[in-house]
Amino acid sequence: MIKVHILIYNNDFFQNKWEQLVTDQNPVELFHYVSLMTLDTIMKCAFSYQSNCQTDSDSTYIKAVYELSYLVDNRFRHFTYHNDFIYNLSPQGFRFRRALKVAHQHTDKVITQRKKLLKNEKELDKISRKRHLDFLDILLCAKDENGHGLSDKDLRAEVDTFMFEGHDTTASGISWILYALAKYPEHQERCREEIKEVLGDRDTVEWEDLGKIPYTTMCIKESLRLYPPVPGVARKLSKPITFCDGRSLPEGVTVILSIYCINRSPIIWKDPEVKV
């Protein structure tokens with residue numbers, strides 16, 4: 001799926017935008033612009049939808065996405081908001097429902113448009129002969145053992161999850177990678193020289209080039225180790241568990257795992273704070 005869209009996003013819009021922003025030599029908050037780019041990319045690759053987020057960042061949908069991202073994070077940080085009743089009565093709960101309505105309307109529009117395109121194509125292989133499949137195609141054509149497809153509600157949930165989780169974490173990861181390269185200019189220069197050698201006289205990256213830049217790949221992975229886009233995860237135990245040191249946790253307990261701390265643990269990594 002991604003391979004199909006590599007050439008589509010070989011454009012200069014992102015770079016040109018940044019060149020305009022740095023002309024006054026002031027610091028640039030890059031996450032906003034990276035986030036718009038990743039949202040554009042996911043909408044195009046996963047849903048074949050031309051969202052134009054980078055050129056139309058003032059749209060109600062884009063504002064709703066940012067509002068929801070902020071409110072979800074804010075709710076997680078405030079213990080009293082964990083209670084649904086209290087949160088729904090709060091001003092933030094009202095803002096959340098309003099933004100969610102806008103996001104759902106947009107998702108429903110994307111799904112409805114695709115359904116119209118597929119109404120005469122009943123089988124996935126028939127569709128694939130005409131064009132490359134995307135994530136939404138697969139969802140719409142998915143069937144369970146009884147031949148039933150996903151409901152509109154389930155479709156919307158899958159699309160929203162993929163879009164929200166995908167674009168936000170990807171934007172965070174890219175932003176931290178750029179930060180790490182700026183922090184370690186010697187590694188940045190080696191990456192630049194490696195990429196220039198692979199591209200030669202070309203100014204666009206092709207799919208086959210990605211396997212020819214091992215040092216750049218290592219720097220990307222090392223940046224993700226030091227600055228993981230998802231710094232922690234939580235899971236509720238479905239059964240009791242006993243650790244290697246003999247300590248146990250019962251069923252039903254919520255376990256929080258810090259990926260950030262694991263990635264910087266001297267028990268696992270030699271010189272964990274050093275970008276190698």
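Each value in this text was obtained by applying a stated rule to the coordinates, not by laboratory testing. Fair warning: this is a prediction, and the values are worked out from it, not measured in the lab. Glycine gets a Cβ as well: all are built from the backbone with ideal geometry, and neighbour counts include every protein chain shown.
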Over the stretch 3-183 - Rg/Rh using Cα atoms and the Kirkwood inverse-distance radius
1.02
If R₀ is 25 angstrom, what is the calculated FRET efficiency for the pair Gln50 and Lys221, using the beta carbon separation as r and rounding to 0.05?
0.20
Hey, could you get me the Stokes-Einstein D for the stretch 19-77, Kirkwood radius over alpha-carbon pairs, 25 °C and 0.890 mPa s, rounded to whole µm² s⁻¹?
189
Mind giving me the FRET efficiency for Ile267 and Phe76? R0 is 25 Å, r the Cβ-Cβ distance, nearest 0.05 is fine.
0.35
Lys, Arg +1 and Asp, Glu -1 on Cβ, resulting dipole of the chain about Cα centre, debye, nearest 20
960
If I stretch the segment between Leu199 and Val274 completely, what's the gain in nm (0.36 nm per residue apart, minus their alpha carbon distance), one decimal?
24.0 nm
